[in-house]
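Visitor: Just passing along the structure, written as structure tokens.
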Amino acid sequence: MGTLIKLFKNNIRQYGMIIALILIMILFGLLSGGLLFEPINITNLILQNSYILVLAIGMVLVIITGHIDLSVGSVAALVGACAAIMMVDMNLHPVIAVILSLLLGALIGAWQGFWIAYVRIPAFIVTLAGMLLFRGMTMIVLEGQSISPLPEGFQKISAGFIPDFGNMETNLVALLAGIVVTILYVMSEVKNRRNQQKYQFETISSSLFIAKMVVIAAVINVFSFALASYAGIPNILILLAVLIVGYSFIMNRTVMGRHIYAIGGNEKAAGLSGVKTKKVTFWVFVNMGVLAAISGLIFTARLNAAIPRAGTNFELDAIAAAFIGGASASGGIGTVYGAIIGGLVMGVLNNGMSLIGLGIDWQQGIKGLVLLLAVAFDIYNKNKRAA
């Protein structure tokens, strides 16, 4: 028990939010009479929050460097509008439209990154200007009207599912995917534990290690069974998995990731240590522009239309997800997995409150309170360690 308490204290940011997510799910599961855990609702949770989770991945990198991006919702709206114009009005193939949309997102990110990294204008001001500029441009290119319907192939980005090879009611691909992910997870954990023991790092006890793997393996397979019971694996879930694993690898195992953390911890010290702070900051915002473009494409595909008011409050949800997931407002602290947990907390709150019939006024107030408490929790832990 002592080891468990010590482990929790050392990882309180990460484990605290996971426990909070579990408790929130249990609460709304009970209040909704089990509707929250219905297979169709679990699939809807993924589809409804996918574009916010994509934004949260990019936003946590921005926040780690000590900056903020208020323009991502407007960028997502503009890219979605341009993609719709290319496919509907210009009759471009969806693949070409997607590639050009991602390039547009990168250009927007480069535009903002230039002013922030090289001209040294605060990110808050640059991205606030971007939020207004790109929202206005969205209304201009759409001329105040919606564009729909969109090509069926493009809609499958957000509404499609991985094809199944069986004719059973339960999706076999989803079940097999759960088993494969479980095996890969166990192999990875065993390998990491052996490496830690090889170099004489402190590790948790064997019983606690096995218990951890059993619990996580059970969660993975219950989740895959829920997907299999409805329509299988959504296409967007594959994209999310690739982004989460890829960006976690970059942040934890590459020089670029170390440099991002170093800039957020102390930019001047990082510069004196040889980190090209301006270049790294610039590319972080280019990356944010690309992920905002992906988010805009996902939202447009799900809606099957480009609308002038798309992306409204996306930036607030992404920022909230990053902070709830353990990112520090002062920079230098945060993880991709934490941002995903934070995004899921917000998503489950939205979904759960809708299921039990709470009005939008209550929903906004509760989400604001959760964000405030999460940041207060972060500051309390930081002050406690400093004492």
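Visitor: Anything in the stretch 341-356 that is open to solvent by 60 Å² or more (accessible area, probe 1.4 Å) and over 23 Å from MET59 (Cα atoms)? List them, or say none. Step through it out loud before you land on a result.
Guide: Applying the first criterion (open to solvent by 60 Å² or more (accessible area, probe 1.4 Å)) to the stretch 341-356 yields 344, 354-356.
Those that are open to solvent by 60 Å² or more (accessible area, probe 1.4 Å) and over 23 Å from MET59 (Cα atoms): SER354, LEU355, ILE356.
Residue-by-condition table, conditions (1) open to solvent by less than 50 Å² (accessible area, probe 1.4 Å); (2) touching a residue at least 12 places away in the same chain (Cβ under 8 Å); (3) under 23 Å from the mean Cα position of the chain (by Cα):
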{"position": "ILE18", "(1), (2), (3)": "no, yes, yes"}
{"position": "GLY34", "(1), (2), (3)": "yes, no, no"}
{"position": "ILE52", "(1), (2), (3)": "yes, yes, yes"}
{"position": "THR65", "(1), (2), (3)": "yes, yes, yes"}
{"position": "ILE68", "(1), (2), (3)": "yes, yes, yes"}
{"position": "SER71", "(1), (2), (3)": "yes, yes, yes"}
{"position": "LEU107", "(1), (2), (3)": "no, yes, yes"}
{"position": "PHE114", "(1), (2), (3)": "no, yes, no"}
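Visitor: Anything in the stretch 93-150 that is in contact with a strand residue (DSSP E or B) (Cβ under 8 Å, 6 or more places away or on another chain) and in a helix (DSSP H, G or I)? List them, or say none.
Guide: LEU142, the sole residue that qualifies.
Visitor: Any idea which of ALA322, ALA270 is buried (at least 20 other Cβ atoms within 10 Å of the Cβ), within 29 Å of LEU369 (Cα to Cα), modelled with pLDDT of 90 or more and out of contact with any Cys (no Cβ under 7 Å at 6 or more places or on another chain)? Please lay out each step first, then the result.
Guide: Numbers: ALA270 fails: within 29 Å of LEU369 (Cα to Cα).
None of the others qualify; the one that does is ALA322.
Visitor: Can I ask one more? In the stretch 155-183, which residue that is surrounded by 13 or more Cβ atoms within 10 Å (Cβ to Cβ) and β-branched (Val, Ile, Thr) is nearest to the chain's Cα centre (by Cα)?
Guide: As a first pass, look at the stretch 155-183 and keep what is surrounded by 13 or more Cβ atoms within 10 Å (Cβ to Cβ): 155-162, 164, 170-179, 181-182.
Filter once more, keeping what is β-branched (Val, Ile, Thr): 157, 162, 170, 173, 179, 181-182.
On the way: ILE157: 17, ILE162: 21, THR170: 28, VAL173: 24, ILE179: 24, VAL181: 20, THR182: 22 Å.
It comes out as ILE157.
Visitor: Looking for whichever is part of a helix (DSSP H, G or I), in contact (Cβ under 8 Å) with a residue 60 or more places away in the chain and not polar (S, T, N, Q) here; the options are GLY332, GLY347. Which one fits? Break it down stepwise before answering.
Guide: Working: GLY332 fails: part of a helix (DSSP H, G or I).
Answer to the check: GLY347.
Visitor: Could you list, in sequence order, all residues of the stretch 224-234 that are in a helix (DSSP H, G or I) and buried (at least 16 other Cβ atoms within 10 Å of the Cβ)? Don't jump to the end; show me each part of the working.
Guide: First, pick out the residues of the stretch 224-234 that are in a helix (DSSP H, G or I): 224-230.
Scanning the stretch 224-234 gives SER224, ALA226, LEU227, ALA228, SER229, TYR230.
Visitor: Check whether at least one residue in the stretch 197-207 is at pLDDT below 95, under 21 Å from GLY338 (Cα atoms) and open to solvent by 50 Å² or more (accessible area, probe 1.4 Å), and report yes or no.
Guide: no
Visitor: Find the residue count for the stretch 116-132, including only residues that are free of Cβ contacts under 8 Å to residues at least 60 places away in the same chain and either open to solvent by 70 Å² or more (accessible area, probe 1.4 Å) or farther than 19 Å from VAL75 by Cα (or both).
Guide: Qualifying residue count, the stretch 116-132: 7.
Visitor: Then there's this: So, of the residues in the stretch 235-262 that are within 16 Å of ALA327 (Cα to Cα) and among the hydroxyl-bearing types (Ser, Thr, Tyr), which turns out to be least open to solvent (accessible area, probe 1.4 Å)?
Guide: SER248
Visitor: Test GLU152 against the criterion of being of a type in the set (D, E, K, R), closer than 30 Å to PHE299 by Cβ, surrounded by fewer than 14 Cβ atoms within 10 Å (Cβ to Cβ) and out of contact with any Pro (no Cβ under 6 Å at 6 or more places or on another chain), and give yes or no. Working first, answer last.
Guide: Details: of a type in the set (D, E, K, R): yes; closer than 30 Å to PHE299 by Cβ: yes; surrounded by fewer than 14 Cβ atoms within 10 Å (Cβ to Cβ): yes; out of contact with any Pro (no Cβ under 6 Å at 6 or more places or on another chain): yes.
Yes: the conditions hold for GLU152.
Visitor: Yes or no: MET187 out of contact with any Leu (no Cβ under 6 Å at 6 or more places or on another chain) and within 30 Å of ILE63 (Cα to Cα)? Talk me through it step by step, then tell me what you get.
Guide: Details: out of contact with any Leu (no Cβ under 6 Å at 6 or more places or on another chain): yes; within 30 Å of ILE63 (Cα to Cα): no.
Answer is no for this residue.
Visitor: Continuing with the same structure: Going by what's in this entry, would VAL375 be described as open to solvent by less than 40 Å² (accessible area, probe 1.4 Å) and of a type in the set (A, V, I, L, M)?
Guide: Numbers: open to solvent by less than 40 Å² (accessible area, probe 1.4 Å): no; of a type in the set (A, V, I, L, M): yes.
Taking the combined requirement at face value, the residue does not satisfy it.
Visitor: Also, I was wondering about something else. Out of the stretch 184-196, which residues are without any contact (Cβ under 8 Å) to a residue 12 or more places away in the chain and either within 28 Å of ILE238 (Cα to Cα) or surrounded by 13 or more Cβ atoms within 10 Å (Cβ to Cβ) (or both)? Steps first, please.
Guide: Filtering the stretch 184-196 for residues without any contact (Cβ under 8 Å) to a residue 12 or more places away in the chain gives 184, 187-188, 190-192, 194-196.
Scanning the stretch 184-196 gives LEU184, MET187, SER188, VAL190, LYS191, ASN192, GLN196.
Visitor: Within the stretch 227-234, can one find any residue that is at positive phi and in contact with a helix residue (DSSP H, G or I) (Cβ under 8 Å, 6 or more places away or on another chain)? Before the answer, list the steps.
Guide: So the first thing to find is which residues in the stretch 227-234 are at positive phi, and the list is 232.
Adding the requirement that they be in contact with a helix residue (DSSP H, G or I) (Cβ under 8 Å, 6 or more places away or on another chain) leaves 232.
The answer is yes, given that some residue of the stretch 227-234 is at positive phi and in contact with a helix residue (DSSP H, G or I) (Cβ under 8 Å, 6 or more places away or on another chain).
Visitor: Mind counting the residues in the stretch 298-319 that are open to solvent by less than 10 Å² (accessible area, probe 1.4 Å) and either within 10 Å of MET59 (Cα to Cα) or part of a helix (DSSP H, G or I) (or both)?
Guide: Counting residues in the stretch 298-319 that are open to solvent by less than 10 Å² (accessible area, probe 1.4 Å) and either within 10 Å of MET59 (Cα to Cα) or part of a helix (DSSP H, G or I) (or both) gives 4.
Visitor: Another question, if that's okay. Take GLY347 and decide whether it is modelled with pLDDT of 85 or more and over 17 Å from ILE22 (Cα atoms).
Guide: On the way: modelled with pLDDT of 85 or more: yes; over 17 Å from ILE22 (Cα atoms): no.
For GLY347, the condition - modelled with pLDDT of 85 or more and over 17 Å from ILE22 (Cα atoms) - is not met.
The values are calculated or read from the model by the stated rules, or taken from the named source; none is laboratory data. If you're wondering where the values come from, they're calculated on a predicted model, not measured in any experiment. Please note: Cβ atoms are built from the backbone with ideal geometry, for glycine as well, and neighbour counts cover all protein chains shown. Ligands, DNA and RNA are excluded from the accessible area calculation, which covers all protein heavy atoms including side chains. Shrake-Rupley method; radii C 1.70, N 1.55, O 1.52, S 1.80 Å.
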